[in-house]
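None of the figures in this text is laboratory data; all of them are computed from the coordinates on show. Just so it is clear, the model here is predicted, and its values are computed rather than measured. A quick note on method: Cβ atoms are made from the backbone with ideal geometry, for glycine too, and the neighbour counts reach across all protein chains shown.
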Amino acid sequence: MEVDEFGDIIIKPVSARGTVRPPASCGWRDVGRIELGSQQYDQSCTLNGKPSVALSIYQCPRSNAIKTAQGVYAKMEELKQRFPEGLDYQIVYDTTPFIKEIDPGGVQDAAPTQSCSWPWSS
């Protein structure tokens, strides 16, 4: 769904008795401004006491958790080759080891998060 399409979502007011009224001809764009934004704007990040940058990666619904994590690890190794001298990364949170522990055959429906952190200096 594109950002501007959210404005077309019809707001369905609820009456005092708790019953849903028929859809109003009022959409989200009629009552507010719609924009693509961040989940969180006030983030401060350190790694081992040093300033760093955090990047959270979320698995898409119905995607393969293990393959998603493998892709993240592979991409980070590829990107590391282009990092300036003294810059490194560290994956500090990965839920896929728990998935592998529960089902070594690979249940893929859990939603892992990999968090990468780049210290400003190594």
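Using amide H atoms built in the peptide plane, which far-off residues or other-chain residues are under 5 Å from VAL53 H to H?
Amide H to amide H, under 5 Å and 5 or more residues apart or across chains, VAL53 pairs with TRP118.
Can you compute the FRET efficiency between THR95 and ASP4 using 1/(1 + (r/R0)^6), with r the Cβ-Cβ distance and R0 = 35 Å? Round to the nearest 0.05.
0.55
Can you tell me how much longer the chain between GLU35 and ARG82 gets when fully stretched, taken as 0.36 nm per residue apart minus their C-alpha distance, in nm with one decimal?
Separation in residues times 0.36 nm, less the Cα-Cα distance, equals 13.6 nm.
Can you compute 3J(HN,Hα) from phi for each residue in the stretch 68-82, using the Karplus curve 6.51 cos²θ - 1.76 cosθ + 1.60 with θ = phi - 60°, rounded to whole Hz and x for Gly and Pro?
4, 5, 4, x, 5, 4, 5, 5, 5, 5, 5, 5, 4, 5, 9
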